[in-house]
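A.B. asks: Pasting in a structure now, in structure tokens, and then I'll have a few things to ask.
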Amino acid sequence: MEVLRRSSVFAAEVMEVFDRSPTDKELVSQAKALCRDYINSRLIRAGVSWSKPEHNVPVPGGKLAEVSTILLRLGDELEYIRPNVYRNIARQLNISLHSETVVTDAFLAVAAQIFTAGITWGKVVSLYAVAAGLAVDCVRHAQPAMVHTIVDCLGEFVRKTLVTWLKRRGGWADITKCVVNTDPSLRSHWLVAALCSFGHFLKAIFFVLLPER
């Protein structure tokens, strides 16, 4: 009876955790909110204004605000190490910013290459950095409405590619584990996967996009 009671308690605890786990829709919605926050931060840093914010979209708050802060912090570090990767992305990919199809195809191609060898938080951060860099390009080239397209595109990529991985980790809050250790000599572990693939993924994108544009 005691074994059965313990099993029942364990099962109840598992179900409770399962019930609390975020849904696919919630994870995608959070991904988009984080993307808007990341892009807004990068637009401010670049000194460009975005005059067409989405209406009725909540600003990240509570736990999501903490996740956003950490995502931006990790992005700062990543972009500091490889600044040229995340600037002038449209020029690097030789694409026009006047076509929604061209922008979405390019972003999805880059995203696919980033995660071609698996998923890590370092790569997730790099995905957001690419989205923000491309958004800055769009605003600078008088295409602010394209920012919403990039946010939606990232959300769709998360839905198709990252949701299962995120759910296994309990959601976006898992990224907070990346900054537990503040020792500069040990902080690079999360960056390794993000950095090691940049050379080959940019070359791959060039081969994919240039013949078509």
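A.B. asks: Are any residues in region 38-88 of a type in the set (Gly, Ala, Ser) and modelled with pLDDT of 90 or more, and if so, which ones? Break it down into steps so the answer makes sense when it comes.
C.D. replies: Of region 38-88, the ones of a type in the set (Gly, Ala, Ser) are 41, 46-47, 49, 51, 61-62, 65, 68, 75.
Scanning region 38-88 gives Ser41, Ala46, Gly47, Ala65, Ser68, Gly75.
A.B. asks: So Asp137 passes all but one of these: (1) under 23 Å from Val28 (Cβ atoms); (2) open to solvent by less than 20 Å² (accessible area, probe 1.4 Å). Which condition number does it fail?
C.D. replies: (1)
A.B. asks: Ok, one more. Restricting to region 70-96, what's the tally of residues that are without any contact (Cβ under 8 Å) to a residue 24 or more places away in the chain, within 20 Å of Thr120 (Cβ to Cβ) and either crowded, with 20+ Cβ neighbours inside 10 Å or of a type outside the set (D, E, K, R) (or both)?
C.D. replies: 1
A.B. asks: Moving to a separate point now. May I ask you to say which residue of Val136, Val124 is under 15 Å from the mean Cα position of the chain (by Cα) and closer than 21 Å to Pro83 by Cα? So that I can check it myself, show each step before the final result.
C.D. replies: On the way: Val136 fails: under 15 Å from the mean Cα position of the chain (by Cα).
Val124 is the lone residue from the list that is under 15 Å from the mean Cα position of the chain (by Cα) and closer than 21 Å to Pro83 by Cα.
The values are calculated or read from the model by the stated rules, or taken from the named source; none is laboratory data. A quick note: this is a predicted structure, and the numbers were derived from the prediction, not measured. Positions of Cβ are generated from backbone atoms using ideal geometry, with glycine treated the same way; all protein chains shown enter the neighbour counts. Ligands, DNA and RNA are stripped out before the accessible areas are found, and what is left, the full protein with its side chains, is counted by its heavy atoms. Shrake-Rupley method; radii C 1.70, N 1.55, O 1.52, S 1.80 Å.
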